There are 2 protein chains.
Amino acid sequence: MVTPTCGVRPVDDSRHRLTKWHDSGMRIEVLAVGTELLLGQIADTNSAWLGEHLASSGIDSHFHQAVGDNHDRIVLALRTALARSDGVIVCGGLGPTQDDITREAIAEVMNVPIDRDDSLVGAISKVFSARNREMPESNLKQADVPRGATPIPQVMGTAPGLICPVGQKVVYAVPGVPYEMSEMFERAILPDLLARSGEKSTIVSRVIRVWGLSESGFADLLAPRIEALDAAGGNPTIAFLASGIEGINVRITAKAGDRASVDSMLDAEQAQVIALVGDAVFSADDRSMEEAVAWSLLSAGLTLGIAESLTGGLVASRLVEVEGASVWLKGSVVSYASEVKHTLLGVPQGPVVSDVAARVMASNARRILGSDIGLSLTGVAGPAEQDGRPPGTVFIGLALPGEEAESVELHLPGDRPRVRQYATISALDLLRRRLADYTAIRP
Amino acid sequence: MVTPTCGVRPVDDSRHRLTKWHDSGMRIEVLAVGTELLLGQIADTNSAWLGEHLASSGIDSHFHQAVGDNHDRIVLALRTALARSDGVIVCGGLGPTQDDITREAIAEVMNVPIDRDDSLVGAISKVFSARNREMPESNLKQADVPRGATPIPQVMGTAPGLICPVGQKVVYAVPGVPYEMSEMFERAILPDLLARSGEKSTIVSRVIRVWGLSESGFADLLAPRIEALDAAGGNPTIAFLASGIEGINVRITAKAGDRASVDSMLDAEQAQVIALVGDAVFSADDRSMEEAVAWSLLSAGLTLGIAESLTGGLVASRLVEVEGASVWLKGSVVSYASEVKHTLLGVPQGPVVSDVAARVMASNARRILGSDIGLSLTGVAGPAEQDGRPPGTVFIGLALPGEEAESVELHLPGDRPRVRQYATISALDLLRRRLADYTAIRP
């Protein structure tokens, strides 16, 4: 048994702590259009994405709205938004069907007619001919532009976006398809917004991910650095968000005259954060824990075999999400019934939620699956206790090449699904840390 | 090889098709409160939930809004909502912290002072003493009630809800915690709304779930029934929604003078739907596919062992979500690497994406894991092809007690994660259907 170094009371609190953002002074409202949003038939992920990306560029968003596919109500929602914000980003309603009426509503708010744009007709026709498909007449509607608006050309689909001046304010229209929306926002809308706000700088964010520290412990570690940055004028800024079972996300945002200067500011600040937080940082480029593990295994040239019980296949199923997992992942023995631990994994008779069981499971996973490394999990997901252990008790076993298996005991909070999720990421994090030590002494 | 009866081109389209709902004539706006929503730090699932549940009770929701933890802006959002709707449901901002200011904003809109309610103080204190915890002074704030409002007692947490009349209109306040919100909506808000709308009837919905039919195929089967219901006055109503990897959800809504009458209408309509759709119905009470499988196994008194490859543990990890899974689930061998299929599962040398491999995997999972039934999956998740098979090719093997293993070949659409998800639910559905046949001939 070694002292636990991971999973110590993981964070379970999604309250935000933000340092002061640099502030553009602009307030932009997000308006999602679609009856299916109001009916709860699809979740509105666009508004949250836009809110996050506006904030990280120093643009406030004080209100969000959603409205159905109804002309008068879209007009009313646009007028409401323009009355209380400096501009609006409208998502959705730019498709070719009868229900897609965002263009008409914007034209009414602008009080202008709609013209068909010949160059857009050409671009849309091209998309269809490139796919050897005939263009339905209805798609021509997507070439309609309220007079005075500037189209944002499409690069992924057929619906162009729009930049529509309304007095001193502005309405941006983007398709509701998330990847078309985000691409257009970054390519055309954000630069236009920053130009309008008088912002000449390049602003870039980078996300660093941390596991194994409580939110308050992390805040204490970082507090002096955040204070120093604030005192020095708040560029770059650091903000962090505890995201429960995925640990803590730390967003560093820097502003400078050009991209190269921003990148070198981000590099320097990232190094500062890593120096303060140490190996609790598992990703410096928003990679997931499974991608971090994949990278460690690939770099070490080692393969992995798993034996899991309470997680029931979660550990393996997260790992196979990484493309190319077959290079380093042999498989997993999911021994949910105790007898399978005894018969297939050779765990001696006795309690199966124990450090002995975890170590034997790790060693034998390595042997049975023919891998270099064995990783195991046994524990109590709840609600009932098992082997006299309360829910949340988890043993993680790890057998590295040519080494005896070790085990770590964790006490995890939460209900059944949460204990499983915490156990999964804790096991992956233990593997990642031990691999770093292992390869450090065997270069 | 048998003819595939499941997974035939699963639905991948979330467009809604609704029959005309009965209409209460009321329009209720949902207002979500919380700066973290605007910053995209947490997703707003409450608004979608409320939108769906309002619609299924015949109440329209024409607009949703989100606003941050700012007094003036909450007041503005409330006034905006009251100007264009008959009432508002406000979610969030009822907690004990400084940021929780929904009560104060509502009091301003009502133009009334706030009183501390002694019976609420008692109820909140009791929650803490029952948990042997001291109550922080700040929690007393949750006993504050705008004069003229009616508190909705809490049964799950500490924050009471509020029913606040504003002229002829109404503001409901509920906590942002999803399970507290939904419980309060069903217990107190919906009955109050229906009473206000003059609705004296009881309205209840039931969700039936379907797998293995395309949306258009399903629509064709159900069309005559929906037309007949519409012609007969639209009570009950049937609406359905294709929800991608979870199949099709069919919502039957009935209205009658009392609960017993509603239930018997729902029972009768459910029987009609099942008669039209057959065994593609896997759940008549909104149960998940894994719960349906658990029920089949429990009723048959049989245990399950799994061998999975491309799904990497997903099948097992879905099944262990069902409480009490240890009664019927032995475990799973996740044979991600081909050599594990050969060595541990005894698959003969040769292609591992094949019907032979699936059948051997199922038989040997049954043997190795000591279960009554063996279920297996082998296939190509993509992006590259394997054994000359294109991505989406999946073989499911099934070995029932005392029977030779069979296998089913599927061709599933979508990218890597989607192929895995479709393969998982298709395998569970095959097991559910075969178990129904198996137990039918062995009563």
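Any idea which of (1) surrounded by 24 or more Cβ atoms within 10 Å (Cβ to Cβ); (2) within 33 Å of the chain's Cα centre (by Cα) is the one A:Pro390 doesn't satisfy?
(1)
Are there any helices (runs of 4 or more DSSP H) wholly within region A:327-443 with 2 or more residues that are out of contact with any helix residue (DSSP H, G or I) (no Cβ under 8 Å at 6 or more places or on another chain) and closer than 19 Å to A:Leu213 by Cα, and if so which? Working first, answer last.
Numbers: elements: A:338-343, A:355-369, A:416-441.
Of the helices (runs of 4 or more DSSP H) lying wholly inside region A:327-443, those with at least 2 residues that are out of contact with any helix residue (DSSP H, G or I) (no Cβ under 8 Å at 6 or more places or on another chain) and closer than 19 Å to A:Leu213 by Cα span A:416-441.
Return the residue satisfying two criteria in turn: it lies in region A:305-325 and is at the interface with another protein chain (Cβ under 8 Å from one of its Cβ atoms) and β-branched (Val, Ile, Thr), and of such residues it is surrounded by the fewest Cβ atoms within 10 Å (Cβ to Cβ).
A:Val320
Looking at A:Val207, A:Val155, A:Val170, A:Val177, can you tell me which residue is in the same structural domain as A:Ser243 (by TED's automatic domain parsing), among the β-branched types (Val, Ile, Thr) and out of contact with any Leu (no Cβ under 7 Å at 6 or more places or on another chain)? Step through it out loud before you land on a result.
Numbers: A:Val155 fails: in the same structural domain as A:Ser243 (by TED's automatic domain parsing); A:Val170 fails: in the same structural domain as A:Ser243 (by TED's automatic domain parsing); A:Val177 fails: in the same structural domain as A:Ser243 (by TED's automatic domain parsing).
Only one candidate qualifies: A:Val207.
Quick check on my filter: what residues within region A:268-301 are surrounded by fewer than 19 Cβ atoms within 10 Å (Cβ to Cβ), in a helix (DSSP H, G or I), small (Gly, Ala, Ser) and not assigned by TED's automatic domain parsing to the domain that holds A:Ile252?
A:Ser299, A:Ala300
Going through region A:189-212 one residue at a time, which ones are modelled with pLDDT of 85 or more and touching a strand residue (DSSP E or B) at 6+ places or on another chain (Cβ under 8 Å)? Lay out the reasoning, then the answer.
Residues of region A:189-212 modelled with pLDDT of 85 or more: A:189-197, A:206-212.
A:Ile189, A:Asp192, A:Leu193, A:Leu194, A:Arg196, A:Arg206, A:Val207, A:Ile208, A:Arg209, A:Val210, A:Trp211 - these are the residues of region A:189-212 that are modelled with pLDDT of 85 or more and touching a strand residue (DSSP E or B) at 6+ places or on another chain (Cβ under 8 Å).
Answer yes or no as to whether A:Pro236 is more than 21 Å from the chain's Cα centre (by Cα), more than 21 Å from A:Leu50 (Cβ to Cβ) and either surrounded by 18 or more Cβ atoms within 10 Å (Cβ to Cβ) or of a type in the set (Phe, Trp, Tyr) (or both). Spell out the reasoning first.
Values: more than 21 Å from the chain's Cα centre (by Cα): yes; more than 21 Å from A:Leu50 (Cβ to Cβ): yes; either surrounded by 18 or more Cβ atoms within 10 Å (Cβ to Cβ) or of a type in the set (Phe, Trp, Tyr) (or both): yes.
Answer is yes for this residue.
Within region A:56-94, count every residue that is over 18 Å from A:Cys164 (Cβ atoms) and among the small types (Gly, Ala, Ser).
6
Residues A:Leu304, A:Leu345, A:Leu319: which one is under 23 Å from the mean Cα position of the chain (by Cα), in contact (Cβ under 8 Å) with a residue 24 or more places away in the chain and under 16 Å from B:Ser335 (Cα atoms)? If you could, list the steps in order and put the result at the bottom.
On the way: A:Leu304 fails: under 23 Å from the mean Cα position of the chain (by Cα); A:Leu345 fails: under 23 Å from the mean Cα position of the chain (by Cα).
Going through A:Leu304, A:Leu345, A:Leu319 in turn, just one is under 23 Å from the mean Cα position of the chain (by Cα), in contact (Cβ under 8 Å) with a residue 24 or more places away in the chain and under 16 Å from B:Ser335 (Cα atoms): A:Leu319.
Would you mind stating whether A:Met265 is buried (at least 21 other Cβ atoms within 10 Å of the Cβ) and either among the charged types (D, E, K, R) or in a helix (DSSP H, G or I) (or both)? First the steps, then the outcome.
Numbers: buried (at least 21 other Cβ atoms within 10 Å of the Cβ): no; either among the charged types (D, E, K, R) or in a helix (DSSP H, G or I) (or both): yes.
No; evaluated as a whole, the condition is false for this residue.
Which condition number in (1) under 29 Å from the mean Cα position of the chain (by Cα); (2) touching a residue at least 12 places away in the same chain (Cβ under 8 Å) is the one that A:Asp437 fails?
(2)
Based on this model, can you work out whether A:Val155 counts as surrounded by fewer than 17 Cβ atoms within 10 Å (Cβ to Cβ) and in a helix (DSSP H, G or I)?
Working: surrounded by fewer than 17 Cβ atoms within 10 Å (Cβ to Cβ): yes; in a helix (DSSP H, G or I): no.
The answer is no for A:Val155.
Would you say A:Ala130 is out of contact with any helix residue (DSSP H, G or I) (no Cβ under 8 Å at 6 or more places or on another chain) and over 21 Å from A:Leu78 (Cα atoms)?
Details: out of contact with any helix residue (DSSP H, G or I) (no Cβ under 8 Å at 6 or more places or on another chain): yes; over 21 Å from A:Leu78 (Cα atoms): yes.
In short, yes.
I'd like the full set of residues that are within 13 Å of A:Leu304 (Cα to Cα), surrounded by fewer than 21 Cβ atoms within 10 Å (Cβ to Cβ) and at the interface with chain B (Cβ under 7 Å from one of its Cβ atoms), limited to region A:326-370.
Correct list: A:Ser326, A:Gly370.
Among the listed residues A:Ala284, A:Ala294, A:Ala337, A:Ala280, identify the single one that is under 30 Å from B:Val327 (Cβ atoms) and small (Gly, Ala, Ser). Give the derivation first.
Values: A:Ala284 fails: under 30 Å from B:Val327 (Cβ atoms); A:Ala294 fails: under 30 Å from B:Val327 (Cβ atoms); A:Ala280 fails: under 30 Å from B:Val327 (Cβ atoms).
Matching residue, one of A:Ala284, A:Ala294, A:Ala337, A:Ala280: A:Ala337.
Looking at A:Arg259, is it in contact with a Ser or Thr (Cβ under 7 Å, 6 or more places away or on another chain), within 14 Å of another protein chain (Cβ to nearest Cβ) and either farther than 20 Å from B:Lys341 by Cα or among the hydrophobic types (A, V, I, L, M, F, W, C) (or both)?
Values: in contact with a Ser or Thr (Cβ under 7 Å, 6 or more places away or on another chain): yes; within 14 Å of another protein chain (Cβ to nearest Cβ): no; either farther than 20 Å from B:Lys341 by Cα or among the hydrophobic types (A, V, I, L, M, F, W, C) (or both): yes.
Taking the combined requirement at face value, the residue does not satisfy it.
Failed condition for A:Val419, given (1) over 23 Å from A:Arg287 (Cα atoms); (2) at pLDDT below 95; (3) hydrophobic (A, V, I, L, M, F, W, C), with all others met?
Unmet for A:Val419, out of (1) over 23 Å from A:Arg287 (Cα atoms); (2) at pLDDT below 95; (3) hydrophobic (A, V, I, L, M, F, W, C): (1).
Let me spell it out: the conditions are (1) at pLDDT 95 or above; (2) under 21 Å from B:Asp69 (Cα atoms), and A:Glu104 meets all of them except one. Which number is the exception?
Exception for A:Glu104: condition (2).
Of the residues A:Arg196, A:Arg206, A:Arg225, A:Arg259, which single one is basic (Lys, Arg) and within 15 Å of the chain's Cα centre (by Cα)? Steps first, please.
Details: A:Arg196 fails: within 15 Å of the chain's Cα centre (by Cα); A:Arg225 fails: within 15 Å of the chain's Cα centre (by Cα); A:Arg259 fails: within 15 Å of the chain's Cα centre (by Cα).
Going through A:Arg196, A:Arg206, A:Arg225, A:Arg259 in turn, the sole match is A:Arg206.
May I ask you to list pairs of residues, at least six apart or on different chains, whose Cβ atoms are under 8 Å apart, with the first in region A:87-102 being within 19 Å of A:Trp49 (Cα to Cα) and the second being in a loop (DSSP other than H, G, I, E, B) and among the β-branched types (Val, Ile, Thr)?
Going by the 8 Å Cβ cut-off, the qualifying pairs are A:Gly93/A:Ile101.
Please identify the pairs in which a residue from region A:25-41 that is under 14 Å from B:Thr45 (Cα atoms) has its Cβ atom under 8 Å from the Cβ atom of a residue that is charged (D, E, K, R) and buried (at least 24 other Cβ atoms within 10 Å of the Cβ), counting only partners at least 6 apart or on another chain.
The qualifying pairs are A:Leu37/A:Asp44.
Collect the residues in region A:75-91 that are closer than 18 Å to B:His62 by Cα and in contact with a helix residue (DSSP H, G or I) (Cβ under 7 Å, 6 or more places away or on another chain), keeping them in residue-number order. Full working, then the answer.
Residues of region A:75-91 that are closer than 18 Å to B:His62 by Cα, as a first pass: A:75-81, A:90-91.
The answer is A:Val75, A:Leu76, A:Leu78, A:Arg79, A:Thr80, A:Val90, A:Cys91.
Given (1) within 12 Å of another protein chain (Cβ to nearest Cβ); (2) assigned to a helix (DSSP H, G or I), where does B:Phe128 come up short, assuming only one miss?
Status for B:Phe128: all satisfied but (1).
The values are calculated or read from the model by the stated rules, or taken from the named source; none is laboratory data. What you see is a predicted model; the values in this text were computed from it and never measured. Don't worry about glycine lacking a Cβ; one is built from the backbone with ideal geometry, like all the others, and counts go over all protein chains shown.
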